[in-house]
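Peer 1: Let me begin by handing over the structure; questions about it come next.
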Amino acid sequence: MCGIAGIIHRGNSNNVGGEMQKMLQSLKHRGPDSTGYALYGEGESNNYILRYKVGENVKEGTTAVKEDPSVYAARRKEVDKKINEVGATIHDDEKITDYSFRYVISYDGDLLDLAKKIESVEETEIQSLGKSLELIKDIGDASVVADQYSLNQFSGTHGIGHTRMATESGVDIRSAHPYWAYPFSDVSVVHNGQLTNYWNNRRALEAKGMRFLSSCDSELIAVYLADKIREGMDLEEAMKGSLEHLDGVFTYLVATKDKLGMAKDTMAAKPMVLYESDDLVALASEEVAIRSVMPTEIDTYDPYEGEVKVWQA
Amino acid sequence: MASIKGHKSTEMGLHEEVLTGRTQQVFFNPEESENFFYHDAYDVDFNKRTEIDAKDIECLDINRKIKELMSQGYGTIVIKNPGSKHSIGVGILNKLNLIVEGSLGYFGIGSVDGPNVRISGRVGWSCAENMMAGKVVVEKNAGSCFGAAIRGGDLICKGSVGARSGIDMKGGTIIVGGDAGAFTGFMMQRGRIVILGDVGPNLADSLYDGTIFVGGNIKSLGADAVEAEMTDLDVDWLKRKLKVAEIDKKVDFKKMTKIVSGKKLWNYDNLEPTERKGAI
């Protein structure tokens, strides 16, 4: 089933970490396996924020293989070496969990080169690489993940998130949403639904050099949008194109450094409730998530079939 | 239980088929007064009014509380702070005035038979699904599958509704003051839908029977949906129903579009006459 949610403050920052935690926690019944956040903070001016992991969280029910934690330190050292090799400089590094790290780096080369170098280290995956995006995902509900990664006081303009019920792929961080639209900084996607022409599109995109990390159909949306942006389309245009090229039933949210967008398939088979005011836009699979941050009576509505909307922060 | 022998429905030829095996069918006979009420229905007084603050209560307990209050004779119940929780007010098989001050989540007021419900906010997906009788008025917007599979009663949304309103509907009336999404009236089998605004694509797709009236634009008709001529009877019925629905929008009824089934679907034509009766 899965639950998705997003919030964007127009023209000001807020505690989006805390807001997204409340919204996603109220959608726990739609997906208890894993939770993910893509939060857009004030950023590090010209520096990049790199979130990456070098192993999997192994809990009851997960499909990941348990490793000796000592391998994580070795992999991290290897990542540091690769970053230096491409000419990037690490300004700050933080160990969040045994297997997950947050770095602030400066780099003026090609992001694809940097990403490829880092991911050449065994079992290493970049969660996000951007100037304001911080993408965090792990096994457990919204509160567990927010506590683990200290997200409850994260200040920013907007964010999207996902609670996952694993269906066609495993319970692990790799298959959790959101997905970063590799290799574009600050683009992330969450999705509720099923894509039926996943393999056709994946083969075509792989032939064009795009990379897939998981076998989760939702990743296709991120990679599809990344490919279209690479070809020069703007976000809204790429999203409208996705309604023609992606087959299935879906509603998805996409965020960039200063925008948040939503798209609904032409059958309108997956839910989305929307609240829009001059100050903010909040949207979620169920209205109960919006109520968790706005308890007073408000006017909400369902976007229609084939609808694409984009809001500016 | 009423007997079908000599019943009007038998005279009309509705039971000519030979039934074999066991049946649990119960046929309604208006002359038997007990058929108007469920055997365990509560005798409630509409002037006896009370409130439920739903803020910190789970939906199961809210529904239990409604039953408990009806058993105490309360005929008017106000639910405060519903917080868009799911499945509030389901399974009410009783006469009751239920007032919801706020919005409901999914499956609100489902499978009801008899209550008069007013919701001041919005409702999520599948509001009043399987309603048998009663009246439900939603003051704001509604999600998808509004009135899915209703058998009777009046279901009114003063705002706009999502996709697939009246899907699999088998009776009753759905009235929408605003717009409606795709596949409105999908596989509808009986009853009437009135949309005063615009309607999305595939209106009345695979419609078996029933009638849909549209005041605004129709994006596209679904398979087997055809336009029919508006009659004076239709206009009279619409005037009366909109009054009941408390929608005071100025409508030129004569200019509304009437959609019915073309009855050309392959499976419809392949049905034997007795099977067609079963289908509707």
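The values are calculated or read from the model by the stated rules, or taken from the named source; none is laboratory data. Since this is a predicted model, take the numbers as computed values, not measurements. Cβ coordinates were reconstructed from backbone atoms using ideal geometry, including for glycine residues, and neighbour counts include every protein chain displayed.
Peer 1: Give region B:86-105 a look and list any residue that's buried (at least 24 other Cβ atoms within 10 Å of the Cβ) and within 14 Å of chain A (Cβ to nearest Cβ), or say none.
Peer 2: Selection gives B:Ile88, B:Val100, B:Ser103, B:Leu104, B:Gly105.
Peer 1: Considering B:Gly83, B:Gly110, B:Gly73, which residue is without any contact (Cβ under 8 Å) to a residue 40 or more places away in the chain and within 27 Å of B:Arg190 (Cα to Cα)? Explain how you work it out, then say what you get.
Peer 2: Working: B:Gly83 fails: within 27 Å of B:Arg190 (Cα to Cα); B:Gly73 fails: within 27 Å of B:Arg190 (Cα to Cα).
Residue meeting the stated conditions: B:Gly110.
Peer 1: A further question follows. Hey, which of the helices (runs of 4 or more DSSP H) in region A:193-305, taking only ones fully inside, have at least 3 residues that are within 11 Å of another protein chain (Cβ to nearest Cβ)? If you could, list the steps in order and put the result at the bottom.
Peer 2: Values: elements: A:198-207, A:217-230, A:235-245, A:287-291.
Output list reads A:287-291.
Peer 1: Condition first: touching a Ser or Thr at 6+ places or on another chain (Cβ under 7 Å) and within 16 Å of B:Asp113 (Cα to Cα). Now tell me which residues in region B:132-154 satisfy that.
Peer 2: Of everything in region B:132-154, those that are touching a Ser or Thr at 6+ places or on another chain (Cβ under 7 Å) and within 16 Å of B:Asp113 (Cα to Cα) turn out to be B:Gly147, B:Ala148, B:Asp154.
Peer 1: May I pose another question? Taking only region B:196-222 into account, find how many residues are touching a residue at least 24 places away in the same chain (Cβ under 8 Å) and either among the β-branched types (Val, Ile, Thr) or not assigned by TED's automatic domain parsing to the domain that holds B:Gly159 (or both).
Peer 2: 4
Peer 1: A further question on this structure: Considering region A:119-173 alone, what residues qualify as being surrounded by fewer than 22 Cβ atoms within 10 Å (Cβ to Cβ) and part of a helix (DSSP H, G or I)?
Peer 2: Result: A:Glu119, A:Ser143, A:Val144, A:Asp147, A:Gln148.
Peer 1: Okay, next question. Name every residue in region B:250-264 that is part of a loop (DSSP other than H, G, I, E, B), on the phi < 0 side of the Ramachandran plot and more than 22 Å from the chain's Cα centre (by Cα), in order of residue number.
Peer 2: Once the filter is applied, which keeps residues that are part of a loop (DSSP other than H, G, I, E, B), on the phi < 0 side of the Ramachandran plot and more than 22 Å from the chain's Cα centre (by Cα), region B:250-264 yields B:Lys250, B:Val251, B:Asp252, B:Gly262, B:Lys264.
Peer 1: Quick one: in region B:113-125, of everything that is under 16 Å from A:Val288 (Cβ atoms) and without any contact (Cβ under 8 Å) to a residue 40 or more places away in the chain, which residue is surrounded by the fewest Cβ atoms within 10 Å (Cβ to Cβ)?
Peer 2: Across region B:113-125, the extreme among qualifying residues is B:Gly121.
Peer 1: For the condition of a type in the set (Ser, Thr, Tyr), within 20 Å of the chain's Cα centre (by Cα) and either farther than 18 Å from A:Ile173 by Cβ or loosely packed, with under 15 Cβ neighbours inside 10 Å (or both), what is the one hit in A:Thr97, A:Thr63, A:Thr89?
Peer 2: A:Thr97
Peer 1: Checking the condition closer than 18 Å to A:Asp302 by Cα and more than 10 Å from chain A (Cβ to nearest Cβ), which residue from B:Val123, B:Val176, B:Val112 passes?
Peer 2: B:Val176
Peer 1: Let me ask another. I need the full set of residues from region B:126-174 which are more than 20 Å from B:Asn97 (Cα to Cα), surrounded by 24 or more Cβ atoms within 10 Å (Cβ to Cβ) and of a type in the set (A, V, I, L, M, F, W, C), in order please.
Peer 2: B:Ala142, B:Cys145, B:Phe146, B:Val161, B:Ala163, B:Met169
Peer 1: Kindly list the number of the only condition in (1) in contact with an Asp or Glu (Cβ under 6 Å, 6 or more places away or on another chain); (2) surrounded by 20 or more Cβ atoms within 10 Å (Cβ to Cβ); (3) more than 22 Å from A:Phe212 (Cβ to Cβ) that fails for A:Val104.
Peer 2: That leaves (2) as the condition not met.
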